[in-house]
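For reference, the structure discussed in these notes is given below.
Bear in mind that the values in this text are calculations on the coordinates, not laboratory data. Bear in mind the structure is a predicted one, so any value in this text is a computation, not a measurement. Ideal geometry is used to build each Cβ from the backbone, glycine not excepted, and the neighbour counts take in all protein chains shown.
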Amino acid sequence: MSPLQWRVRPVLPIVKLLGAVALVVLVVAFGGEDPVQWFVAIVVAATLTGWAVRDLVAPVRLSADTSGVTMVVGFIRRRHVAWPQIERVRVDSRERMGLRNRLLEIDAGDSLHLFSEHELGTDPEKVAEALNAMRANAPL
């Protein structure tokens, strides 16, 4: 089986950067004389920018091959987990306030890795199916 990878959709970092710029523009447009407004705007804009930079520097959040799974942990660090170390791959689906949230869960025994549809660029159910199929065919 050939290696598989899932990445952040290219539009997400662009939207985050535009949001950061829009926030600063709104503060300027509405007077922006209050130092608290500026502080909050700068902190939120910096956070959005950092989040967008992470998407640009490490767009591939999850990849899998016959040896195991490699995933981004923390800001941009990568961790490889061999198939025998993975206890379970499943999708956790919850509904709160009328919104459904689905996360891919990779249980590696000592750690639990969660990936949203936005991080994977596709439906977590499809990713779970592909990972479980690759895991079943992986050499022990």
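In the range 11-56, how does Rg compare with the Kirkwood Rh, expressed as the Rg/Rh ratio over alpha carbon atoms? My calculation puts Rg/Rh at 1.04.
Radius of gyration (Cα atoms) of the chain, expressed as a multiple of 2.2 N^0.38 Å: 1.30.
Projecting the Cα atoms of Val25, Ser67, Val127 onto the charge dipole of the chain (Cβ charges, centred on the Cα centre) puts Ser67 farthest toward the positive pole. Treat the range 60-137 as a sphere of radius equal to its Kirkwood radius over Cα pairs and apply Stokes-Einstein at 4 °C in a medium of 1.567 mPa s; give the translational diffusion coefficient in µm²/s, rounded to a whole number. D = 101 µm²/s.
Relative to the longest principal axis of the Cα atoms of the chain, the long axis of helix 11-29 lies at roughly 20 degrees.
Multiply the residue separation of Glu125 and Arg100 by 0.36 nm, subtract the distance between their alpha-carbon atoms, and state the gained length in nm to one decimal.
Details: separation 25, 0.36 × 25 = 9.00 nm, distance 1.35 nm.
Value of the extension gain: 7.6 nm.
Of interest is the spacing of the C-alpha centroids, which for the range 39-54 and the range 71-119 amounts to 25 Å. Note on the range 1-80: Cα Rg divided by 2.2 N^0.38 Å, N the number of residues, gives 1.50.
Counted residue by residue at 0.36 nm each, then reduced by the alpha carbon distance between them, the extension gain from Gln37 to Ala133 reaches 29.5 nm. Of the GluC sites (Glu not before Pro) found in the range 59-117, the ones in coil according to DSSP and having at most 15 other Cβ atoms within 10 Å of their Cβ are Glu87.
For the range 1-87, run through the chymotrypsin sites (Phe, Trp or Tyr not before Pro) and keep only the ones in DSSP coil with at most 11 other Cβ atoms within 10 Å of their Cβ.
Loop-located and lightly packed - Phe30, Phe75.
Each Lys and Arg Cβ is given +1 and each Asp and Glu Cβ -1; about its Cα centre, the chain then shows a dipole of about 220 debye.
Taking Cα centre as origin and charging only the Cβ of basic (Lys, Arg, +1) and acidic (Asp, Glu, -1) residues, the dipole magnitude of the range 60-137 rounds to 160 debye.
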